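The values are calculated or read from the model by the stated rules, or taken from the named source; none is laboratory data. The model shown is predicted, which means the values in this text are computed figures rather than measured ones. Here Cβ is always computed from backbone atoms with ideal geometry, including for glycine, and neighbour counts include all displayed protein chains. What goes into the accessible areas is simple: the full protein's heavy atoms, side chains included, and nothing from ligands, DNA or RNA. Shrake-Rupley method; radii C 1.70, N 1.55, O 1.52, S 1.80 Å.
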Amino acid sequence: MLNNVPSGINAMARNVIIRHPNAYNCEVYRRQIGRPDPEAGGAPTLGGMMVLNPEDEDDIRWEMVGLGFALPAEQFQPSQMMDRRDANNGYADELRFLVEPEEMIGEPGGFEVKNRDVIYLLLGEGEQAPKIAYEIVAVEAVVNVPPFVPRYVVNRRDDLDIIDPDEPEDDEIA
């Protein structure tokens, strides 16, 4: 009976996130390792040596997991404005978002947001819209009764931003 409370909170949070006027449309990507045998003897290796974490991998590609909505979940703090005065840059390196997939888990297109996923906030509509990248580094529990209500701690990944899709990537410039 007690788990009805967080289930209800999850359902309400989903509706609020999807319908909130400050929510961003987002794309969620997951890191995929491209080498043919990602594990040998139960531990990831690279050239026969143990790999400390996925950042040590040489062949990484990002695959889109699905579409969703991301709502900033920070307490407001004063911060520097952009030059156009239409948004602020945030006051910290670490931000928090509530993220909901467009489709629920179990339905076609539904997925679970996981640690180390990268979310792209879409700043506009269409393929020409800039995409700002954030990597999920931790998941916090907002309610301490299962099923938990997750809030995602993210760090900026400006090395993955897509500001102008028509410009060539760094490796295409050569």
Scan segment 132-150 for residues that are out of contact with any Leu (no Cβ under 6 Å at 6 or more places or on another chain) and either exposed (fewer than 14 other Cβ atoms within 10 Å of the Cβ) or modelled with pLDDT of 90 or more (or both) and jot them down. Y134, E135, I136, V137, A138, V139, E140, A141, N144, P146, P147
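Kindly indicate the residue of segment 151-161 that is in contact with an Asp or Glu (Cβ under 9 Å, 6 or more places away or on another chain) and open to solvent by 40 Å² or more (accessible area, probe 1.4 Å) and also farthest from A13 (Cα to Cα) among those meeting that condition.
Taking segment 151-161 and keeping what is in contact with an Asp or Glu (Cβ under 9 Å, 6 or more places away or on another chain), we get 151-157, 160.
Within this subset, residues satisfying the condition of being open to solvent by 40 Å² or more (accessible area, probe 1.4 Å) are 151, 155-157.
On the way: R151: 11, N155: 22, R156: 24, R157: 26 Å.
Going through the qualifying residues, I end up with R157.
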Given (1) modelled with pLDDT of 80 or more; (2) touching a Phe, Trp or Tyr at 6+ places or on another chain (Cβ under 6 Å), index of the condition S79 fails: (1)
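So which residues in segment 111-124 are at negative phi and open to solvent by 30 Å² or more (accessible area, probe 1.4 Å)? Can you show your working first?
First, the residues of segment 111-124 that are at negative phi: 111-115, 117-123.
Those that are at negative phi and open to solvent by 30 Å² or more (accessible area, probe 1.4 Å): E112, K114, N115, L122, L123.
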Please tell me if G8 is modelled with pLDDT under 65 and either touching a Ser or Thr at 6+ places or on another chain (Cβ under 7 Å) or not polar (S, T, N, Q) (or both). no
Residue, modelled with the highest pLDDT, within segment 82-105, restricted to residues that are closer than 19 Å to A138 by Cβ and open to solvent by 70 Å² or more (accessible area, probe 1.4 Å): E94
